[in-house]
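The values are calculated or read from the model by the stated rules, or taken from the named source; none is laboratory data. The shown structure was predicted, so the numbers you read here are calculated from the model rather than taken from an experiment. Don't worry about glycine lacking a Cβ; one is built from the backbone with ideal geometry, like all the others, and counts go over all protein chains shown.
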Amino acid sequence: MNKVELGDRVKDVVTGFSGIAAGITKFLTGCDQVLIDPGVGEDGKLIESHCFDIMRVEVVEEGVVDFNDQEEEKKGAGYDISKIKKRH
């Protein structure tokens, strides 16, 4: 199993739900989760993101969206997400 990082293209192996790893939540119990953002559908509407246990998520492609190039103080609420560099 590959280590999931923010910006990776990932897939839940149980449901097949796939998209970009947009968030990772760590819990004291060790059952960490990944928020998968599938993007937009064929109709141009946003598809709802969902969280999955990290143990059932596989990395399909690493670093599709690069969050590491952003200035740290500009991340968070109010940040212009159009500035995030996409590699494809």
Residue selected from the stretch 1-54 under the condition among the aromatic types (F, W, Y) and in a loop (DSSP other than H, G, I, E, B), by the criterion nearest to D66 (Cα to Cα): F17
Residues satisfying the stated conditions in the stretch 2-15, i.e. at negative phi and surrounded by 10 or more Cβ atoms within 10 Å (Cβ to Cβ): N2, V4, E5, L6, D8, R9, V10, K11, D12, V13, V14, T15
Subset of the stretch 43-62 (residues that are of a type in the set (D, E, K, R) and either at pLDDT below 90 or surrounded by 10 or more Cβ atoms within 10 Å (Cβ to Cβ) (or both)): D53, R56, E58, E61, E62
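Each row is one residue, and each column tells you yes or no for (1) out of contact with any helix residue (DSSP H, G or I) (no Cβ under 9 Å at 6 or more places or on another chain); (2) of a type outside the set (V, I, T); (3) modelled with pLDDT of 95 or more; (4) exposed (fewer than 14 other Cβ atoms within 10 Å of the Cβ).
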site: F17; (1), (2), (3), (4): yes, yes, yes, no
site: F27; (1), (2), (3), (4): yes, yes, no, yes
site: G41; (1), (2), (3), (4): yes, yes, no, yes
site: V64; (1), (2), (3), (4): yes, no, no, no
site: E73; (1), (2), (3), (4): yes, yes, no, yes
site: A77; (1), (2), (3), (4): yes, yes, no, yes
